[in-house]
Every structure is written in C-alpha cells, then in structure tokens.
Amino acid sequence: MVLSPQTMAAVRQSGAIPGAEYLLSAEGVRKAFPGVVALDDVQFKLKRGTVHALMGENGAGKSTLMKILAGIYQPDAGEIRMKNQAIRLASPLDALENGIAMIHQELNLMPFMTVAENIWIRREPKNRLGFVDHGAMNRQTADLFRRLNIGLDPESLVGELSVANRQMVEIAKAVSYESDVLIMDEPTSALTETEVEHLFTIIRDLRSQGIGIVYITHKMNELFEIADEFSVFRDGKYIGTHASTDVTRDDIIRMMVGREITQMFPKEEVPIGDVLLKVENLTLDGVFRDVSFEVRSGEILGLAGLVGSGRSNVAETIFGVTPATSGTISIDGRQVDISSPTEAIRNRMAFLTEDRKDTGCFLPLDILENMQLAVLQDRYTRAGFVQEGKLARDCQEMSAKLRVKTPNLYERIENLSGGNQQKVLIGRWLLTNPRILILDEPTRGIDVGAKAEIHRFVTELARQGVAVVMISSEMPEVLGMSDRVMVMHEGRVTGFLDRAEATQVRVMELAAQ
Amino acid sequence: MSSDIANPTNTTAGSVAAGAGTTRPEAIRRRRMPPEFNIFLVLIGIALIYELLGWTMIGQSFLGNQQRLTIMILQVSVIGIIAVGVTQVIITGGIDLSSGSVVGLTAMIAASFAQASTWSRALYPALTDLPAIVPIAIGLGVGLAAGIVNGVLIAYTRIPPFIATLGMMVSARGLSKWYTKGQPVSGLTEQFNFIGSGIWPVIVFLAVAVIFHVALRYTRYGKFTYAIGANMQAARVSGINVERHLVKVYAIAGLLAGLAGIVTAARAQTAQAGMGISYELDAIAAAVIGGTSLTGGVGRITGTVIGTIILGIMTSGFTFLRVDAYYQEIVKGVIIVAAVVADVYRQKKRAKR
Ligand SMILES: Nc1ncnc2c1ncn2[C@@H]1O[C@H](COP(=O)(O)OP(=O)(O)OP(=O)(O)O)[C@@H](O)[C@H]1O
Ligand SMILES: [Mg+2]
C-alpha cells in the first residue's frame, strides 16, 4: 500500500499506529550503478528513540542506503516502511514530508547566503506582501541555536565559517525540519572533540524526544558512546545488527572487514635526521601570530588544537596558499620564499587539504586525472606531452595500494564513496614523492582498515626521511602517530609535547588554555 | 614513489573479498563510450530528416549534392576555427564574447597590409604588394593581443569573463570602424586571397581542430585547462599557476579569432568593419551543442567540430528546403537552448541516478 504524503502526515499526527515496532524499516533493498552493485538485498530497521549506527568499509554502501531513505536515489528493488506503512520516496521533498531528514557526508550549504537563509531555504517565513521576512527568519534561527546551544550569528555568511561551524549549521538545519528520523552521514568527520561532545548532547536530547537517529561513522569510540544499536555492511551486503553493548571493538572490525586488524597506529621509531623544515615567527595578520617550529627528516609533528585555533591556516601559509605577512620558512637551513603552491611543490612539499570538496576533488574529472594533476608540474611530461602510459601505470599501482574501490580509473571521482575520494587525493600527493608532507585531517572519512594502512604509509615515508606535519582532530590519531605534538590556541602556539609526555589531558589543557 | 613503500607490511589475516577492495589491473584500459557519440547520432539524424524531407517535399536528395555539402562546410569553417578557441575558454569555466569583433578587427588590419599596388585607394600606399606572410603575422598578432588583454583582465583583476570580453567585444568593434572611418578595405593581393580560396578555409579549420584536440587530450596544457574549470581552488593548491594559464587560454582564443578574421577577409577578398558580427554566439553555440558544459571542466574539440557541422547543416538544410530565413533563426535558437537543456539534464541525471 502506498499512501500519499498528506495521508502519512495525518497518520503520523494521530500518533498511534498499532504494531509499529519499527519507526523506519527497509527490506530487500538493491541498488546498482554502472559497474558496481552498491547494495544487494539489504535490510535496515530503526527503532523509535534510538541511535542506530551504520558501520562498514569505504564503499560498503552506507551513504547509498541513506540516500535511498532520503529520497535522493531510487532503489532498483526493495520496500521501505515508515511506522509500518509502505512508503515511496520519489524525491528529497517526499522524504522530508514523510519525516526523514538527512545531513550529508559532503557539506551542501550555499557559501554566499547567510546562515539563516541556508537553514530556512524554501521554507522562508514570509511577510504580508509575500516577501521573505528576514527579521523573523533571523529570530527563528536564533531560537533554534539557543535550543541547540550553538553560538553562531544567524546573519554571518556561510562561506566565511570554518568547516566545523558549517557542519554545525547543517546539523541545525536538519534538526529544524522537526523530523521523526534524522540521518547523519559522518557528521563528526570535520569536528574536534569539544564539538563532538556538543553534537552528542544534541543527539541525546533528540533521542529522548523519541526521534530515531541513523548515525554513520568510522570512529569506533563514538559508536560505543552514542549508539544503542548498530548495523554492519560489507561490499553492499547486509552483515548484521546488534546492540552496541553486546560486542567489542574487535568484533565489529571483524564484521566490517572480514579479517583482523592487529595494530591501529603502526607507529615505529625511525631514525630522526636533520632539521628539514624550519618555520620562524610566521604570522598571517588577523589569523595567527609568531608560529615557530621545526620538523626533522623522519619526524612526524602532530598539530593539535580546537577548530579555529589556526592549525589549518598555518599549513596553508607554509604551502603558499595564503602567503605569510611576516616570518620566515627555511628548508635544509636555506631560507625559501614560498609565495604560491607552485613554489611549494618545487621545494618538494605536498599538502593534503582539509576540505575534500572545496580544495581537493575535481568532481567532473575521472580518478586518473584527479590523481595526476599535482605531479604534472615537473614529471611525467616530455615536451609538454603527458606520458600517459607510464603515468596511468603508476596511478593504477597507487590506487591499488590505497585500495581505492572502483570499477576502473576512468570513473568520475564524483561517483566514488567519500572515503575512496580521500584515498585518491592522498594518492595524488604521494605520487609527487615529497620530502615534506603536510596532511590536514588525512583520514577523514576513511574506514578502520584503510586508516591503519594510511598510517603505515606515513610511517614508511618517515622512515625514508620525509618530514611529516599532521593535523588531526582525532586525538588518538595525533597521539598515536606523532613524535612531537604542537598545540595551538587562537592563532598562537601554546606548547610542544614529546611523544612520552603527550596525553589527551595535557593536549586539551594546552588547547583550551 | 619509491618502491619500498609499495608494499606496506600486510597484517591482514584471512581473505578480503577479492576484487572488492582493490581495482583490477586490467580495468585501467577500459574506456567509456566517447560522449561525442550521441551528438554524432544527432548529426546523422538531422541529415537523414533533411534527406527524407527533400525527397518528399521537393523530390531532391540532400546528401547526394556534393556541392551543397562543400559550400555548407566552407561557410561554417570560420565559425569552427573560433569555436575551437571558445571551447577551451568555456572548459576553464569562462566565456569569450569578443571573438566576433576580433574577427572584424583583424580582418580590417590584416587586409590593410595585404593591398595590391594596382589598387588606387590603398590605405598605406607605401606598403603595398607585401608578401602574404606580413598581413597574416600582423593579423595573428592583433588577435593574440586582444586575447592577452582579455586574459590579463580576467586572471589578474578578477573581472568576470562575461564582462571583460563584453568590453573587448564593444571596443574591438569600435576600433575596426575607426580604423578606416568605416570604409571597406579592398584590392587585396592574389597571394593573400589564396588562403580563402577553394577548400583552404576547411583545411585551416580541420588543422586547428586536430592541433587543439591533441593539445587538450594529451598535453599538460590540456590537463590544466580541464582542472581549472573543474575546481579552480583545487587547481591552485595542486600547484597550477592558474592566472598564467588563464592568460594562455584566452590568448589562444584570441589568436584563433584572429586567424578566423584573416580567413574571412581572404575569402571575401575584402574587409569590412562589420565582419564577424554575432560569430561569437555561433561559436559558443557550436561548443555547447557539441557537449561543452558552461559550468566548466567538461568538453571536447571533437564535440565542437560536430556541433559546428550541425549548425552548418541546419542552415544549409533550411535553404535547401527553401524555408524562410526568419524561421531558420527561430529554429536555431530553439536548438541551442535544447542543447543546454540536454546538458543540464545530463548533469542532473548523473547526480541523481
Ligand atoms: N552515483 C554513483 N555512480 C556510480 N557509483 C556510485 C555512485 N554512488 C556510489 N557509487 C558506488 O557505490 C558504492 C557504495 O558507495 P557509498 O557512497 O554508499 O559508500 P559508503 O559506505 O558511504 O563509503 P564511505 O565510508 O567511503 O563514505 C561505491 O563503490 C561507490 O563507488
Ligand atoms: Mg559514505
């Protein structure tokens, strides 16, 4: 039986549907894309007032299933029921009217519109003349933010917000639909611990109101902290659903990847050489001041701090994206003038940026083209011609090493799962064969198995004498991988911690001052 | 990448679902169907419709008339030369509205250095009977200069391409009128006229198309052009000197518009300030019909060549069927919009599926 959204809304309002054990359920769902079966006879059942985590490797089909529930993709087969009524979700609007809202893995806000405009888009309060009532809209936003304890100005432009704050806006927007089901696709991949705690408070509050929350994450600790139940997917197949109190982290990993992962942070002590990169009194007016540090060959320097502390800005400045207003950068003891990324690459630096969509992926281009663009500056070309064969072979090898899941390298990067896009971007920079590697949130959106592999890569590069600067909001990653940790707070360096003395508490003390 | 990091020690126990986590080695060779294929089918479809209408309405073959097809392709060659440049500009996410005016300007200036001494009203009586290479070089120089001005304005002052090239469109047209105070430039040398004679314009068009097809597909220049259109920020972070590259692309577009101006003047054996009016729109139409996306990052020269021929065959077919010129323009407009709608639809479908 298929009911119109209006009927459904009425039924929902009445509140009582006998026998509705599950809030939302999907069964026998199948979805194929050209060359890939993303979902194969999958089921998913969400109970009222619970947080249900979805786990699985990159490309397992989690986002695809949620996009089906949010009306973005149409399934090839399967049945979706909301409060025991079969429903059809032909569009995102349909899903919203059925009480399903989704926060996407990639941010989807309009940068040139204000926070309030973004939240109430297509639902703007109107005045008597039918024009948008900005006053009312900003008040509504302020109310919403007060309820969620978010300290943002409704009138600021989204484009000027940090990634983390944009994520908070997305969350507020999804909550504002007052839906019964809230889907969150890796909401914390751009957040630091403080904000994650904040988000969890919001989630617990929503849960106590009877809302069902679907929570996709690659972070195991979050699962135990917030989820009541979890379902695991592997290669488009449904593996099982369990209560999160019943299992250990190793159980889950085994379900996810079908094998054991022995060591999470394969950090090895490698010989540490001479100072490779030295930064002195680096300042970018209004953003950060007097940042000084050095990284030795073979050393991994972790950069910790809260969002907005200026970690990413320092990285961008070193790489010439936003040249410094004062201060010096030296490589091998020689002062260098890095006024553009071109210059930085010439000095054999590589920089994986934080925002995959804005500064990373070339969405309309294929995987091969995405991987090769940074390396073409000085290699793989002869008289301006690209040495396609050699380059394709090396890209192929790299994508195999990073385990990029794709039918072939001529797939548009847009069609890859989030984690696989990230792997392609890592591959882009590893191909340049850097001496100084700056990584900003390198494992964002990457599954446990691949994460360990990427960490192993980084360790291996360090062994070969590469100097690594790694920014990460994930404390275990920073602590697990770094030889030293530099902590920043509001644009200033507040301290350095050696590997032995770096603990979560010490880092947080310095980060919060 | 050094090879010892190629195989990070594998701690995996048990088997990973084979082929799921990794790409298969042979997969790299498989290419998708070229996107031009659909456009090519459209071209064939249009030709067949004319053939059918020809037999039923006036009892003649459309495709059977070799001469008509030759004239058709001669007529669109100049548009095609411009469109090759415009395609590259659109791939970077920009637009070039100035090419038609640059055609007019280069036609005038080149012609003024190509006049024969036998012509009594030569603009520079002291500079007549020059070898054809002189007006050609000057013409190409003028086009190149116009393109560089466009490029520098767009890349370094961040004026939107639409505005910068709109300015050039108006100014270049003004310049070409001012140059002779509106008088045409005639009496050109045999040698100069030769470039516009016979099948030469078509050869120039095809040569230009082949060169830039190769450049876009196989050179660093091409890869960077697509990258800038796909994501300018990411291109910058990947070490591409975006500003310098944009100047190159607009300079090439200007150069090709200049070349088109030379061919136009040689073909007409005279130059007038009004030459090339609205050519920029036909060139943009050819690119868009050929699958170049106005949002940037997508487009190919082969598509543009087919798009150019579609434009030509439409006009030629209408003339063949003796359809009123007014209708021709109306239908042309509809087809251009249809091409853009098809592009938008394709993108939507890709996003949704
Ligand atoms: N629009 C699309 N076109 C083609 N293939 C697609 C498309 N969307 C997803 N896929 C493929 O479907 C599979 C599942 O992708 P999905 O995004 O659901 O993975 P995921 O579990 O969310 O992974 P991640 O943890 O990396 O986000 C992947 O192999 C992906 O390449
Ligand atoms: Mg996903």
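The values are calculated or read from the model by the stated rules, or taken from the named source; none is laboratory data. All values derive from a computational prediction rather than experimental measurement. Note that we place each Cβ from the backbone using ideal geometry, even for glycine, and neighbour counts take in every protein chain shown. Only protein heavy atoms, including side chains, enter the accessible area calculation; ligands, DNA and RNA are left aside. Shrake-Rupley method; radii C 1.70, N 1.55, O 1.52, S 1.80 Å.
So which of A:391, A:409, A:425, A:479 ends up being assigned to a helix (DSSP H, G or I) and within 16 Å of ligand 1 (Cβ to nearest atom)? If you could, list the steps in order and put the result at the bottom.
Numbers: A:391 fails: within 16 Å of ligand 1 (Cβ to nearest atom); A:409 fails: assigned to a helix (DSSP H, G or I); A:479 fails: within 16 Å of ligand 1 (Cβ to nearest atom).
Every option except A:425 fails the conditions.
The set of residues in region B:297-315 being within 14 Å of chain A (Cβ to nearest Cβ) and open to solvent by 10 Å² or more (accessible area, probe 1.4 Å) consists of B:298, B:300. In a residue-by-residue description of region A:493-502, the property of being under 22 Å from the mean Cα position of the chain (by Cα) and open to solvent by 10 Å² or more (accessible area, probe 1.4 Å) applies to no position. Cβ separations smaller than 6 Å between residues 6+ apart or across chains give the following pairs from region B:67-96 residues that are charged (D, E, K, R) to residues that are surrounded by 24 or more Cβ atoms within 10 Å (Cβ to Cβ): B:96/B:86; B:96/B:89; B:96/B:165; B:96/B:253. Considering every residue within region A:268-278, establish whether at least one is open to solvent by less than 30 Å² (accessible area, probe 1.4 Å), part of a helix (DSSP H, G or I) and touching a Lys or Arg at 6+ places or on another chain (Cβ under 7 Å). Within region A:268-278 (the criterion being open to solvent by less than 30 Å² (accessible area, probe 1.4 Å), part of a helix (DSSP H, G or I) and touching a Lys or Arg at 6+ places or on another chain (Cβ under 7 Å)), the answer is no, since none of the residues qualifies. Scanning region B:264-285 for residues that are closer than 21 Å to residue B:165 by Cβ, open to solvent by less than 10 Å² (accessible area, probe 1.4 Å), β-branched (Val, Ile, Thr) and assigned to a helix (DSSP H, G or I) turns up nothing. Which residue out of A:183, A:211 is aliphatic (A, V, I, L, M) and touching a helix residue (DSSP H, G or I) at 6+ places or on another chain (Cβ under 6 Å)? That would be A:183, the only listed residue that is aliphatic (A, V, I, L, M) and touching a helix residue (DSSP H, G or I) at 6+ places or on another chain (Cβ under 6 Å). So residue A:423 ticks every box in (1) touching a Leu at 6+ places or on another chain (Cβ under 6 Å); (2) open to solvent by 20 Å² or more (accessible area, probe 1.4 Å) but one. Which box is left unticked? It fails just one condition, (2). Restricted to region A:345-358, and to residues that are assigned to a helix (DSSP H, G or I) and at the interface with chain B (Cβ under 7 Å from one of its Cβ atoms), which residue is farthest from residue A:431 (Cα to Cα)? Taking the candidates together, the pick is A:358. Here are some residues: A:213, A:203. Which one is within 22 Å of residue A:106 (Cα to Cα), modelled with pLDDT of 90 or more and not in a strand (DSSP E or B)? Of the residues listed, the single one that is within 22 Å of residue A:106 (Cα to Cα), modelled with pLDDT of 90 or more and not in a strand (DSSP E or B) is A:203.
Evaluated against (1) within 24 Å of the chain's Cα centre (by Cα); (2) buried (at least 18 other Cβ atoms within 10 Å of the Cβ), residue A:75 falls short on exactly one condition, (1). Entry remark, region A:21-36: residues being more than 16 Å from ligand 2 (Cβ to nearest atom) and open to solvent by 20 Å² or more (accessible area, probe 1.4 Å) number 8 in total. If the condition is being more than 12 Å from residue B:237 (Cβ to Cβ) and either in contact with a helix residue (DSSP H, G or I) (Cβ under 7 Å, 6 or more places away or on another chain) or aromatic (Phe, Trp, Tyr) (or both), then region A:338-365 contributes A:338, A:363, A:364, A:365.
The single condition among (1) among the basic types (Lys, Arg); (2) within 16 Å of ligand 1 (Cβ to nearest atom); (3) more than 9 Å from every other protein chain (Cβ to nearest Cβ) that residue A:435 does not satisfy is (2). Exactly one residue among B:294, B:259, B:255 is within 30 Å of residue B:220 (Cα to Cα), within 14 Å of chain A (Cβ to nearest Cβ) and of a type in the set (A, V, I, L, M, F, W, C), and that residue is B:294. On the given criteria, is residue B:154 among the aliphatic types (A, V, I, L, M), more than 14 Å from every other protein chain (Cβ to nearest Cβ), under 23 Å from the mean Cα position of the chain (by Cα) and buried (at least 20 other Cβ atoms within 10 Å of the Cβ)? Against the criterion (among the aliphatic types (A, V, I, L, M), more than 14 Å from every other protein chain (Cβ to nearest Cβ), under 23 Å from the mean Cα position of the chain (by Cα) and buried (at least 20 other Cβ atoms within 10 Å of the Cβ)), residue B:154 qualifies.
Looking at residue A:424 and the list (1) away from ligand 2 (no atom under 16 Å from the Cβ); (2) within 29 Å of residue A:268 (Cα to Cα); (3) under 19 Å from the mean Cα position of the chain (by Cα), which single condition is not satisfied? Only one criterion is unmet by residue A:424, namely (1). For residue A:108, the conditions (1) surrounded by 15 or more Cβ atoms within 10 Å (Cβ to Cβ); (2) within 16 Å of ligand 2 (Cβ to nearest atom) all hold with the exception of (1). Of the residues in region A:127-135, at least one is over 15 Å from residue A:171 (Cβ atoms) and among the aliphatic types (A, V, I, L, M). Looking across region A:359-392, just one residue is more than 7 Å from every other protein chain (Cβ to nearest Cβ), free of Cβ contacts under 8 Å to residues at least 40 places away in the same chain and within 29 Å of the chain's Cα centre (by Cα), and that is A:391.
Here residue A:371 meets each of (1) part of a helix (DSSP H, G or I); (2) open to solvent by 30 Å² or more (accessible area, probe 1.4 Å) with one exception, condition (2). Of A:130, A:159, A:151, all but one fail to be open to solvent by less than 50 Å² (accessible area, probe 1.4 Å) and not in a helix (DSSP H, G or I); the exception is A:130.
Residues in region A:48-104 that are within 14 Å of chain B (Cβ to nearest Cβ) and on the phi > 0 side of the Ramachandran plot were compared, and the one that is farthest from ligand 1 (Cβ to nearest atom) is A:71.
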